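Below is one structure, written out as structure tokens, with a few remarks after it.
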Amino acid sequence: MDFLGFAGSKDVVLLDGAVGTELEKRGLPAGGQANLVCPEAVRQIHREFAECGCDALTTNTLTMNRAYIDTHKVGVDVGEVNRAGVELAGSAAAAGVYILGDLSSTGQLLEPYGPCTEQQCYDALAEQARVLADAGVDALIVETMFDLREALCALSACKNAGALPVIISMAFKTADRGGRTFMGDLAADCARLLTDAGADAVGTNCGGLPRGDTARIVAAMRSATPLPIAAQPNAGAPRLADGTTVFDIDPEGFAAEIRRCIDAGATLVGGCCGVSPAHIGAVAEHLRGPSV
Ligand SMILES: [Zn+2]
């Protein structure tokens, strides 16, 4: 069954948490370059999420597009780092577990706010999407997008990379005033325009939202699209303590956060920054419980 068919057949699909913040906890580089620098650590983190009973694992390839790699001087080959990401997630997944190829922003604002043209954005994401598709992922997920215009560009790049389902997930700065991304896009507008442009699922992840607010974004999106909605909040708003970034929501609190997202209409759930295997394990436990 393809990923869309599977998602349609289940009340709730359990995605994983964040590989990046788990790598950071171990003192390792958090980006996609970890796939090449410390592959066994990445594989181990994927395994820990898989052991929670996740239905899908997400590749550690978030910003591994040519535009981001070049401007941030990451020093890795686009093809190599993305293929490694697919191999690592795939090797940790049991039979029947889907692999989602992860993409995100170029890391530069689009013109006129920044230097990136829509064509440059499209080209960079199309190249990455093709590598992920050729490496055998089951779907593409574009995460942490804070500009609807760039998200639409990413959607078209992913759609043209093959016949894979595409999930587009936006990061919000606030759930007030209808929910706004960092670029000021309304949650309902994101859901509606991405739906009209051919997304297979929309959603929200990461961002600067406090406890309870991801569910408000989900509700705003729910009112604007019939598509499946993904919710992958952080384990609370990130905060600096003694020079390290900490997240305040514990596994039980996170399971409650996900419950609120499901009640608001999300059917694909997982976590972003600070969401560990323990958090996803608590969600899995909750989903097995009598209340679902
Ligand atoms: Zn995040």
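The values are calculated or read from the model by the stated rules, or taken from the named source; none is laboratory data. These numbers come from a predicted model, not from an experiment. Backbone-built Cβ (ideal geometry, glycine too); neighbour counts: all protein chains shown.
For every residue, the table says whether it meets (1) free of Cβ contacts under 8 Å to residues at least 12 places away in the same chain; (2) touching a Phe, Trp or Tyr at 6+ places or on another chain (Cβ under 6 Å); (3) over 18 Å from Val218 (Cα atoms).
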residue	(1), (2), (3)
Thr117	yes, no, yes
Tyr122	no, no, yes
Leu125	no, no, yes
Leu132	no, no, yes
Ala135	no, no, yes
Leu140	no, no, yes
Glu150	no, no, yes
Lys159	no, no, yes
Ala175	no, no, no
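Only a single item in (1) among the aliphatic types (A, V, I, L, M); (2) surrounded by fewer than 19 Cβ atoms within 10 Å (Cβ to Cβ); (3) closer than 22 Å to Leu186 by Cβ is not met by Met221, and it is number (2). The residue pairs whose first member lies in the stretch 257-286 and is closer than 25 Å to Glu24 by Cβ, whose second member is modelled with pLDDT of 95 or more and aromatic (Phe, Trp, Tyr), and whose beta carbons are closer than 7 Å, counting only pairs six or more residues apart or on different chains, are Gly271/Phe254; Val275/Phe254; Pro277/Phe49; His279/Phe254; Ile280/Phe49; Ala282/Phe254; Val283/Phe254.
Please tell me if Ala197 is free of Cβ contacts under 8 Å to residues at least 60 places away in the same chain, among the hydrophobic types (A, V, I, L, M, F, W, C) and surrounded by fewer than 18 Cβ atoms within 10 Å (Cβ to Cβ). Break it down into steps so the answer makes sense when it comes.
Numbers: free of Cβ contacts under 8 Å to residues at least 60 places away in the same chain: yes; among the hydrophobic types (A, V, I, L, M, F, W, C): yes; surrounded by fewer than 18 Cβ atoms within 10 Å (Cβ to Cβ): yes.
So Ala197 fits the description; yes.
Here Leu194 fits the description: out of contact with any Pro (no Cβ under 8 Å at 6 or more places or on another chain), more than 16 Å from the ligand (Cβ to nearest atom) and not acidic (Asp, Glu). Among the numbered conditions (1) closer than 17 Å to Pro29 by Cα; (2) surrounded by 19 or more Cβ atoms within 10 Å (Cβ to Cβ); (3) touching a Leu at 6+ places or on another chain (Cβ under 7 Å), the only one that Leu88 does not meet is (3). In the stretch 1-37, which residues are in contact with a Cys (Cβ under 8 Å, 6 or more places away or on another chain), more than 14 Å from the ligand (Cβ to nearest atom) and in contact (Cβ under 8 Å) with a residue 24 or more places away in the chain? The one that is in contact with a Cys (Cβ under 8 Å, 6 or more places away or on another chain), more than 14 Å from the ligand (Cβ to nearest atom) and in contact (Cβ under 8 Å) with a residue 24 or more places away in the chain: Leu14.
Among the residues that make up the stretch 166-180, is at least one of them touching a helix residue (DSSP H, G or I) at 6+ places or on another chain (Cβ under 8 Å), part of a loop (DSSP other than H, G, I, E, B) and not small (Gly, Ala, Ser)? No, every residue in the stretch 166-180 fails to be touching a helix residue (DSSP H, G or I) at 6+ places or on another chain (Cβ under 8 Å), part of a loop (DSSP other than H, G, I, E, B) and not small (Gly, Ala, Ser).
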